[in-house]
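The next block holds one structure in the form of structure tokens; read it before the comments.
The values are calculated or read from the model by the stated rules, or taken from the named source; none is laboratory data. As the structure is a computational prediction, the values presented were derived from the model and not from experiment. Here the Cβ positions follow ideal geometry from the backbone for every residue, glycine too, while neighbour counts run over all protein chains shown. Side chains are part of the model used for accessible areas, which takes the heavy atoms of the whole protein and leaves out ligands, DNA and RNA. Shrake-Rupley method; radii C 1.70, N 1.55, O 1.52, S 1.80 Å.
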Amino acid sequence: METRFFGTREEDIQHAAEIIRQGGLVAFPTETVYGLGADALNPDAVAKVYAAKGRPSDNPMIVHISSKNDLDRLTIEITEEMKKLADAFWPGPLTMVVPARPVIPKVTTGGLDTVAVRMPSDSVAANLITAAGVPIAAPSANLSGRPSPTSARHVMDDLDGRIDAIIEGDDCRVGIESTVVDMTGNVPVVLRPGIITPEQLSRVLGKTVELDPVLRTRPEIKRGQELLETTENFKPKSPGMKYKHYAPKAEMVIYKGDRDKVLLAITEEKFRRTECGQKVEIIMFDDDEPEIAAREFFAKLRACDKAEVDVILAAALKEDGVGFSVMNRMFKSAGYNIVEV
Ligand code: TXA
Ligand code: MG
């Protein structure tokens, strides 16, 4: 398939929107990561998304809307709490899991009776959804298992020739995927941490939002294994959390502990590995600016792949606030290969 490339002008967006309406696949920028969009209400179109990404079909899509009013088309009942979160964080990097209306195809929800909904703040994304006139199902626009794409270049590297079109916009500001919060129970539960933290959600709702306990556990995983073991203490509610994710081609080791000790351990290991003829790259972000780590992490992994690095030695960030969300991705990228110092 020949992939078409569009810019972000009005006429480009109109062409891209027409492709979506016709049941085609268009990758587009959002503030978090690039998405691979299809008409969420067209089961054949959504099935093509799974095929293009090589994605397991029990892993549901996030449905993107461009107006808060559209939430109503996707769910039966909008609670006060959903309204509060939408008012505080939409448009923006928050996804709410809500009861699904039957019009939403099962292929979109991965067979669940809930649907994940997000209203992105990126203007290109918003214009595309509005122009298409349909809600857009969009997972991250990467091949399944690879780091999420934060630039149009990353999308091309993975999906050129596999999808109908790519809208070439700016690099993504946030850099990690949206916070996913399950609104279907008595207490909202964060299923995937993002730039919007549970503390921020709790403040708006005036009650404690919980973290899916699975986010605090580390599964046993062997290198090269695609599916994480579902054990007694590892039963993710969000289907996507059980697949191996974000893996660079290189071996990756995370060093966790006091920063001085981490720096020393990494320096020594880099020396040892270099002596053995390996190409080594270090990933070390400022602990006090986790937002920068979020923005740059996936791009760094992809840069290591391009440079054919053999091993990535990474320093863990403090696991609070946005640092916790970045570490959620970093642990997965490394296949939970962690050295405590
Ligand atoms: O920032 C983002 O959310 C990006 C951009 C493109 O908007 N999209 C994204 O989609 O990250 P994806 O498909 O890569 O991740 C969707 C996550 C998966 O972990 C999936 O299992 C979960 O959301 N999810 C989707 N629907 C769900 C549902 N009904 N219940 C629980 N989890 C759900
Ligand atoms: Mg993804």
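Any idea which residue in the stretch 118-169 is least open to solvent (accessible area, probe 1.4 Å), counting only those that are acidic (Asp, Glu) and within 16 Å of ligand 2 (Cβ to nearest atom)?
158
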Go through the stretch 113-140 residue by residue and tally those that are in a loop (DSSP other than H, G, I, E, B), out of contact with any His (no Cβ under 8 Å at 6 or more places or on another chain) and of a type outside the set (Val, Ile, Thr). 5
Check every one of the strands (runs of 3 or more DSSP E) wholly within the stretch 1-112 and list those with 2 or more residues that are of a type outside the set (A, V, I, L, M, F, W, C). 35-39, 94-99
Taking strands (runs of 3 or more DSSP E) that do not extend beyond the stretch 253-341, which have at least 2 residues that are touching a Leu at 6+ places or on another chain (Cβ under 8 Å) and open to solvent by 10 Å² or more (accessible area, probe 1.4 Å)? 280-283
So the check is Cβ under 8 Å with 6+ separation or different chains; which pairs have a first residue in the stretch 153-175 that's among the acidic types (Asp, Glu) and a second one that's at pLDDT below 95 and crowded, with 20+ Cβ neighbours inside 10 Å? 158/146
Any chance the stretch 194-201 includes a residue that's on the phi > 0 side of the Ramachandran plot and in contact with a Phe, Trp or Tyr (Cβ under 9 Å, 6 or more places away or on another chain)? no
From the list 16, 27, which residue is in contact with a Phe, Trp or Tyr (Cβ under 8 Å, 6 or more places away or on another chain) and more than 10 Å from ligand 1 (Cβ to nearest atom)? 16
Residue under evaluation residue 192, criteria (1) within 16 Å of ligand 2 (Cβ to nearest atom); (2) open to solvent by less than 20 Å² (accessible area, probe 1.4 Å); (3) touching a strand residue (DSSP E or B) at 6+ places or on another chain (Cβ under 6 Å), criterion not met: (2)
Give 114, 108, 79 a once-over and let me know the one that is open to solvent by less than 10 Å² (accessible area, probe 1.4 Å) and among the hydroxyl-bearing types (Ser, Thr, Tyr). 108
